[in-house]
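The values are calculated or read from the model by the stated rules, or taken from the named source; none is laboratory data. Computed from a predicted model, the values in this text were never measured in an experiment. Cβ sites come from the backbone with ideal geometry, for glycine too, and all protein chains shown count toward neighbours. Note: accessible area is taken over every heavy atom of the protein model, side chains too, but ligands, DNA and RNA are not part of it. Shrake-Rupley method; radii C 1.70, N 1.55, O 1.52, S 1.80 Å.
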Amino acid sequence: MTTSGPLVIGATGGSGTRVVARLARHAGYDLGRNLNSAEDALEFYSFHDKWINRFVSAERAGNTLSQSDAKQMESEFQSVLERHCPEAMRKERRWGWKAPRSIYLLSFLMGQFPDLKFIHVLRDGRDMAVSPNQNQLRKHAAAVLNWRERLFCSAPERAMLLWDQVNLHAAEFGGSKPHENYLRVRFEDLCGKPVETTAQIVNFLGARVDPESIASAEISPPPTLQRWRKCPPSLIAKLERVGADSLRKFGYLT
């Protein structure tokens, strides 16, 4: 176990985590150096490929990993952390990582770090369902969706179901934790209320920085925001039916 808890930024893919990572850097967090073009921490990539489906499948069945698997998973996680940010460095700074798929392992991460700070980034599931970025669906549908959903639903419906189930699970688990451990942020609020939402994030991070200047420098709504509105009404109706509960819970449907 390391001596200080990290900041972790997670989401379903394409939700807008990059801008949140940039806000966290302004708040004084070191999020690593080995990053891809989306600023994801690359040291976690293979770890996620190996363990997410095993962990999620066990968790959703109401089980836990076998003792040997759990021990191996923790050992490999500690090795990843050491490559990402050596333990000696963790004692000297605020640190963490942005790796969207961390959202699948939230309960594991909270178990490793009782003082972890997790920012759960959300974007409208209708936008997500029609996004060209479906890497998480390709990698993790087998663990998250049942066979009927995988076999009989269209690709956009499967993407909506994944968004629905992953985000609801994270919200339920994160919502059971103290406010200093978990924050949920909607990408639409970052774009529509940038100063207010940036202030919420930097307050969560305990940083004394000016949210107005940071928001002005880092937040610019992308042209893809609300791309779902250009879809055929029949597709929108299907997506809203499939994701109705979560779309309402997260304020996207009334």
### Query
Which one of 36, 206, 163 has its Cα pushed farthest toward the positive end of the charge dipole of the chain, where Lys and Arg give +1 and Asp and Glu give -1 at the Cβ?
163
#### Entry: Point-charge dipole on Cβ atoms (K/R +1, D/E -1) for the stretch 27-101, about Cα centre, debye to 20
120
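In terms of solvent-accessible area of protein heavy atoms at a 1.4 angstrom probe, what is the ranking of 110, 89, 160, highest value first? Walk me through the intermediate numbers first.
Values: 110 20, 89 65, 160 0 Å².
Accessible-area ranking of 110, 89, 160, largest first: 89, 110, 160.
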### Task
Would you list which aspartates and glutamates come within 12 Å of residue 249, measuring only between C-alpha atoms, while excluding same-chain residues fewer than 8 positions from it?
124, 164, 172
#### Entry: Dipole moment magnitude, nearest 20 debye, the stretch 1-138 about Cα centre, only Lys, Arg, Asp, Glu C-beta charged
300
### Message
For 140, 179, 26, give me the order by solvent-accessible area with a 1.4 Å probe, most accessible first, ignoring ligands, DNA and RNA.
### Response
179, 26, 140
### Query
Do the alpha carbons of any pairs in 193/238; 50/230; 139/193; 91/117 sit beyond 25 Å of each other, and which pairs?
193/238; 50/230; 139/193
### Query
Can you work out ³J(HN,Hα) from phi for every residue in the stretch 106-116, in order, using Karplus 6.51 cos²θ - 1.76 cosθ + 1.60 and θ = phi - 60°, giving whole Hz and x for Gly and Pro?
4, 5, 4, 5, 5, x, 6, 9, x, 9, 4
### Message
Can you find, among 244, 197, 179, the residue sitting farthest towards the positive end of the charge dipole of the chain, where Lys and Arg contribute +1 and Asp and Glu -1 at Cβ?
### Response
244
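Using the Cα centre of the chain as the reference point, and only Cβ charges (+1 on K/R, -1 on D/E), how large is the resulting charge dipole? Debye, rounded to the nearest 20. Let's see the in-between values first.
Details: 35 positive and 28 negative charges, 111 e Å.
The calculated dipole for the chain is roughly 540 debye.
Taking loop as defined by DSSP and a crowding limit of 13 other beta carbons within 10 Å, which trypsin sites (Lys or Arg not before Pro) in the stretch 1-110 fit? If you can, show how the numbers build up before the last one.
Details: sites: 18, 22, 25, 33, 50, 54, 60, 71, 83, 90, 91, 93, 94, 98, 101; in loops: 33, 91, 93.
Sparse-neighbourhood loop trypsin sites (Lys or Arg not before Pro): 33, 91, 93.
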### Summary
If unit charges are put on Cβ atoms (+1 for Lys and Arg, -1 for Asp and Glu) and the dipole of the stretch 110-152 is taken about its Cα centre, the option from 140, 125, 111 lying farthest towards the positive end turns out to be 140
### Query
Which of (1) 34, 20, 18; (2) 28, 25, 15; (3) 25, 23, 18 is the computed semi-axes √(5λ) of the Cα gyration tensor in Å for the structure on display?
(2)
### Query
Can you list residues whose amide H is under 5 Å from residue 7's amide H, if they're 5+ apart or on another chain and H is modeled 1.01 Å from N?
95, 96, 97, 117
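Excluding residue 217 itself, calculate the net charge of residues whose Cβ lies under 12 Å from the Cβ of residue 217, where each Lys or Arg counts +1 and each Asp or Glu counts -1.
Values: positive: 22, 25; negative: 210, 212, 218.
Within the 12 Å Cβ shell, the charges total -1.
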### Task
Please figure out what share of the DSSP beta bridges in the chain is antiparallel and state it in percent, rounded to the nearest 5.
5
### Query
Got a number for the accessible area of residue 151? Probe 1.4 Å, square angstrom, nearest 10.
110
### the chain, accessible surface, carbon-and-sulfur percent (1.4 angstrom probe)
50
### Task
Enter the accessible area of residue 189 (Å², nearest 10), with the probe set to 1.4 Å and all protein chains included.
40
### Task
Roll a 1.4 Å probe over the protein heavy atoms and report the accessible area of residue 198 in Å², nearest 10.
0
